[in-house]
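For reference, the structure discussed in these notes is given below.
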Amino acid sequence: MIVQACINGARPRDFHPKLPLTAEAMASDAAACVAAGAAELHI
């Protein structure tokens, strides 16, 4: 089984306050997803 994390998608900021939109926020969330077991990231 491969776990893929899709961390942001085509969503605006008002969709959810924790949605990562900056490169720094995406990198931080991506690292957390990999640490939790994700093998692939869709950004």
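Every number here is computed from the coordinates shown, using simple stated rules; none is lab data. These figures come from a predicted structure and were not determined experimentally. Cβ sites come from the backbone with ideal geometry, for glycine too, and all protein chains shown count toward neighbours.
Data table
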{"quantity": "Residue match in region 8-17 (condition: assigned to a loop (DSSP other than H, G, I, E, B) and of a type in the set (A, V, I, L, M))", "calculated": "yes"}
{"quantity": "Region 25-43 residues that are loosely packed, with under 14 Cβ neighbours inside 10 Å, paired with ones that are of a type in the set (S, T, N, Q) (beta carbon under 8 Å, 6 or more apart)", "calculated": "Ala39/Gln4; Glu40/Gln4; His42/Gln4; Ile43/Asn8"}
